[in-house]
Each structure stands twice: as C-alpha cells, then as structure tokens.
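K.L.:
Handing you a structure now.
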Amino acid sequence: MASYTKAAQQWATFARAWYLLDAKMQPPGKIAAATVIRLEGRHKPIYHALSDCGDHVVIINTRHIAFSGNKWEQKVYSSHTGYPGGFKQVTATQLHLKDPTAIVKLTVYRMLPKNLQRRTMMQRLHLFPEDVIPEDIEKNLLQEIPQPRAVPKRLDEYTPEEIAAFPRVWTPPKDFRKK
C-alpha cells in the first residue's frame with residue numbers, strides 16, 4: 001500500500017498544472033515575467049534547471065495589452081530572412097494589427113532561457129486574442145495568475161457615491177467665479 005500512495009504523491013508533484021493569465025491593460029514585459037516563471041517551473045520546490053517540470057500557461061485578451069509612453073510607434077521589432085536585403089523592421093502597432101498575439105509571444109520567447117528547452121516551453125504557452133477559450137483547454141485550468149499591474153477604473157465606472165466620497169484636492173471659495 002505504501003508504494004501506491006508514493007506513486008500518487010509523485011504524480012501530483014510532477015503533474016503539469018494549467019494557469020490562466022488575463023493580459024487586459026497589462027504591459028507585455030510584466031506578462032512575460034509572470035509567465036516564464038510558470039513555464040520553467042521555478043515556482044515549484046522540485047525545480048532544477050535541467051529538469052522539464054514547467055506548467056501550461058493560457059494568456060487571454062492579448063489584443064488589449066498596454067504599452068506605456070509612445071512605445072506603440074517607437075518600439076521596433078526586427079527580423080532577417082537570411083537573404084541579402086532581407087532585413088525587415090515593423091513597429092509594435094503594425095505587428096499588433098497583423099497578429100494580436102505576436103507581441104506577447106515574442107516577449108515571452110525572448111525572456112525564456114536560450115537553450116534547447118525553449119521550444120518545448122513555448123509549446124506549453126497558449127495565447128488567445130480575446131477571452132474566448134476552447135472547451136478542452138478551459139476544463140484543464142486550475143488556477144489564475146494575478147495580474148501584475150492593477151487596472152485603473154475608468155471615470156464612467158465610478159458610482160455617484162464613490163465620486164462624492166472622493167477627497168477634494170481644492171475647494172473653491174464662495175466668491176470664486178468661473179470665466
């Protein structure tokens with residue numbers, strides 16, 4: 001009987017879990033940092049650099065990622081075909097319009113360790129541009145990874161009570177006139 005319980009315990013230890021991460025209004029670098037930890041298995045106590053013990057990560061809403069500043073126009077993704085004159089450069093906006101999952105995929109790929117396990121880890125990354133997930137993947141999900149950055153509320157999402165309770169920075173005097 002003891003070996004049976006040990007086998008179940010080992011299976012539970014080495015089993016691959018499925019995590020969900022919502023990328024809405026999140027910077028791609030923060031998404032990738034949280035994802036790489038799960039893909040490599042660094043969150044597990046049994047982690048070793050040579051063992052392949054990572055989990056599956058499902059990222060939804062990649063169409064709604066957020067860059068800070070003017071990075072949509074300034075950030076450039078470059079590639080080379082291998083032929084003379086085959087150097088291609090594309091801005092983040094152009095790449096995002098062509099494939100909404102490409103920016104997150106490239107960011108995660110570049111953040112993974114540069115070794116033979118990188119392709120295997122990328123196979124466990126599942127990207128979706130919207131929040132629609134296939135049923136066979138959805139039934140495997142075990143846990144949700146918290147969003148790396150808190151998403152601010154829009155002004156129309158506040159209730160009148162919250163607006164009234166919000167502290168005033170400046171209270172105009174009684175004789176104040178607006179022009």
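K.L.:
Quick one: Gln26 ticks every box in (1) of a type outside the set (D, E, K, R); (2) open to solvent by 60 Å² or more (accessible area, probe 1.4 Å); (3) in contact with a Pro (Cβ under 7 Å, 6 or more places away or on another chain) bar one, so which box is it?
P.N.:
(2)
Each row is one residue, and each column tells you yes or no for (1) within 19 Å of Arg16 (Cα to Cα); (2) surrounded by 13 or more Cβ atoms within 10 Å (Cβ to Cβ); (3) modelled with pLDDT of 95 or more.
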residue: His43; (1), (2), (3): yes, yes, no
residue: His48; (1), (2), (3): yes, no, no
residue: Cys53; (1), (2), (3): yes, yes, no
residue: His56; (1), (2), (3): yes, yes, yes
residue: Asn61; (1), (2), (3): no, yes, yes
residue: His64; (1), (2), (3): no, yes, yes
residue: Gly85; (1), (2), (3): no, no, yes
residue: Lys98; (1), (2), (3): no, no, yes
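K.L.:
Same structure again: Go through (1) over 27 Å from Arg16 (Cβ atoms); (2) assigned to a loop (DSSP other than H, G, I, E, B) one by one and return the number of the condition Glu130 breaks.
P.N.:
For Glu130, the failing item is (1).
K.L.:
Continuing with this model, one more query. Can you pull out every residue in the range 129-174 that is of a type in the set (A, V, I, L, M, F, W, C), surrounded by fewer than 10 Cβ atoms within 10 Å (Cβ to Cβ) and under 30 Å from the mean Cα position of the chain (by Cα)?
P.N.:
Here is the first cut: in the range 129-174, the ones of a type in the set (A, V, I, L, M, F, W, C) are 132-133, 137, 141-142, 145, 150-151, 155, 163-166, 169-170.
Still in the list and also surrounded by fewer than 10 Cβ atoms within 10 Å (Cβ to Cβ): 132, 150, 155, 163-166, 169-170.
Hits for the range 129-174 are Val132, Ala150, Leu155.
K.L.:
For the range 100-116, which residues satisfy the criterion of being closer than 17 Å to Ala33 by Cα and either open to solvent by 40 Å² or more (accessible area, probe 1.4 Å) or over 13 Å from the mean Cα position of the chain (by Cα) (or both)? Show your work before the answer.
P.N.:
Initially, the range 100-116 is screened for residues closer than 17 Å to Ala33 by Cα, giving 101-114.
Passing the criteria: Lys105, Leu106, Tyr109, Arg110, Met111, Leu112, Pro113, Lys114.
K.L.:
On to the next question. Would you be able to say whether some residue in the range 160-177 is among the polar types (S, T, N, Q), assigned to a loop (DSSP other than H, G, I, E, B) and touching a residue at least 60 places away in the same chain (Cβ under 8 Å)? Give the steps one after another, and end with the answer.
P.N.:
Of the residues in the range 160-177, the ones among the polar types (S, T, N, Q) are 171.
Next, only the ones that are assigned to a loop (DSSP other than H, G, I, E, B) stay: 171.
Okay, now just the ones that are also touching a residue at least 60 places away in the same chain (Cβ under 8 Å), so none.
Looking for residues that are among the polar types (S, T, N, Q), assigned to a loop (DSSP other than H, G, I, E, B) and touching a residue at least 60 places away in the same chain (Cβ under 8 Å), one finds none in the range 160-177, hence no.
The values are calculated or read from the model by the stated rules, or taken from the named source; none is laboratory data. Keep in mind the model is a prediction, meaning the values are calculated, not measured. All Cβ positions, even for glycine, are placed from backbone atoms using ideal geometry, and neighbour counts span all protein chains on display. Areas reflect the complete protein model, heavy atoms only, side chains present, ligands, DNA and RNA absent. Shrake-Rupley method; radii C 1.70, N 1.55, O 1.52, S 1.80 Å.
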